Amino acid sequence: MNIDLKTFKCGYVAIIGKPNVGKSTLMNSLIGEKLSITTPKPQTTRQSIKGIYSDENRQIIFVDTPGFVEPRYELHTRMRNIISDSLKDADVVMFITDIKDFPTDYDIEVIEKIQNIRVPKIAILNKIDLAVEGELESKKAQLQDKFDTVIGISALKGSQNEKLMSVITKLLPFSPPFYDPENLSDLPMRFFVQELIREKIFLQYAKEIPYSSAVLIDEYKEEPDVTDITATIWIERDSQKRILIGTGGVGLKRIREAVERELTRSLETRVLLHLWVKVKKDWRKNDLYLKELGF
Ligand SMILES: Nc1nc2c(ncn2[C@@H]2O[C@H](COP(=O)(O)OP(=O)(O)OP(=O)(O)O)[C@@H](O)[C@H]2O)c(=O)[nH]1
Ligand SMILES: [Mg+2]
């Protein structure tokens, strides 16, 4: 790729907002790859996930964050710290809200929190595919004075992607690229596998099981004709372990097959996944366990 360093732009864009508003969906849509898992349940994302977009004029490093949550567990406190850290490094802040729910108490809290951060801010009213006539204009008006730009989009449909990318580019500083333009992320493949397993748990189980689960990859072996992966799902209680595994192991088998199918497609090689379920009692409240699980 030929780049002109005099005009090249590069910077970090922090994506923040309440759980379930579509932050991860938007990042994936702008990058054109599924980097961050998305599910209909709130609090899907737990760590900050970088997605890197590069072309000959710019490199935009999106930082997808967990949604703001009321800290009920030590895990939530860490999720909050992740959001604060991503704001410290940001060149542009992109606040996302669900047009149908705006303004929630969370929205107001987040907007207040970012008011004094001295970088350009974009407000995004997402899910306009669900909005009624006139809703976009009236809600835009409520955000106009607090943000540099307010824009309505549907992250799911990718409407306005080009417009949004050009708004972001205008706000970015001139700088050479930070990452190799070939890279889409700075995270290793085993992280994405771990997240994919979590996504299937979120999609397959109701209530507490998804929130009580964490995944660690124990072994990742790439052989010429097969990628062989062993992972453990850590869960908080014995009763949950039984539900997760299911009668005769059907629950676990469904997760395994869904992950194998998706990975085989994206890695273009045969993938074998070996899954274990083990209990770490109340890991979300336990400092040591949280460290072991990578938080
Ligand atoms: N109708 C509609 N649904 C959307 C749109 N964008 C996202 N969604 C859905 O909203 C749900 C949540 O999306 P996510 O991208 O996981 O939300 P998030 O903000 O990353 O959530 P957390 O990671 O929990 O903070 C998913 O079911 C998405 O498919 C949109 O533009 N329109
Ligand atoms: Mg997310």
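The values are calculated or read from the model by the stated rules, or taken from the named source; none is laboratory data. Because the structure is predicted, anything quoted here is derived from the model rather than measured. FYI the Cβ positions are ideal-geometry reconstructions off the backbone, even for glycines, and counts take in every protein chain you see. These accessible areas exclude ligands, DNA and RNA; they are computed on the full protein's heavy atoms, side chains included. Shrake-Rupley method; radii C 1.70, N 1.55, O 1.52, S 1.80 Å.
Assorted remarks:
- Protein accessible area in the stretch 9-171, 1.4 Å probe - carbon and sulfur %: 46
- Over the stretch 189-292, relative contact order from alpha-carbon pairs under 8 Å, at least 6 apart, %: 28
- Pairs from the table (Lys6/Lys157; Lys23/Lys170; Lys200/Lys281; Lys121/Lys207; Lys88/Lys157) lying more than 27 angstrom apart at Cα are Lys6/Lys157; Lys121/Lys207; Lys88/Lys157.
- The helix-only estimate of mean residue ellipticity at 222 nm for the chain, built from DSSP H runs of length n ≥ 4 each weighted as -39500 (n - 2.57), is -11000 deg cm²/dmol after division by the residue total.
- Among Glu257, Glu133, Glu236: highest mean-square fluctuation, GNM of the chain, C-alpha pairs under 10 Å: Glu133
- With both labels modelled 7 Å from their Cα along Cα-to-Cβ, the Thr77 to Phe174 distance reads 4.6 nm.
- In the full protein context, the stretch 107-178 carries 57 Å² of accessible surface per residue, based on a 1.4 Å probe and ignoring ligands, DNA and RNA.
- Surface per residue (accessible, 1.4 Å probe) for the stretch 1-102, Å²: 36
- When you count the other C-beta atoms within 10 angstrom of each residue and take the mean per peptide, 282-291, 110-119, 186-195 line up highest first as 186-195, 282-291, 110-119.
- Among beta bridges identified by DSSP and lying wholly in the chain, the antiparallel ones come to about 35 percent.
- The stretch 11-79 and the stretch 117-167 have Cα centres separated by 17 Å.
- Kirkwood-based shape ratio for the chain, expressed as Rg/Rh from alpha carbons: 0.98
- Across the accessible surface of the stretch 189-292, with the other protein chains kept in place and a 1.4 Å probe, carbon and sulfur atoms take up 51 percent.
- The alpha carbon centroids of the stretch 197-234 and the stretch 260-284 are separated by 3 Å.
- Model label sites at Asn2 and Leu288, defined 7 Å from Cα along the beta-carbon direction, differ in position by 6.0 nm.
- Label zone at Thr269, where the point sits 7 Å out along the Cα-to-Cβ direction: the stretch 216-249 residues whose backbone N lies under 11 Å: 221-229
- Dipole magnitude for the stretch 197-295: about 580 debye, using +1 per Lys or Arg Cβ and -1 per Asp or Glu Cβ, origin at the Cα centre.
- FRET efficiency, 1/(1 + (r/R0)^6) with R0 25 Å, evaluated for Asp89 and Glu182 via beta carbons: 0.70
- Per residue, the average separation of C-alpha pairs within less than 8 Å and at least 6 apart gives the chain a relative contact order of 18 percent.
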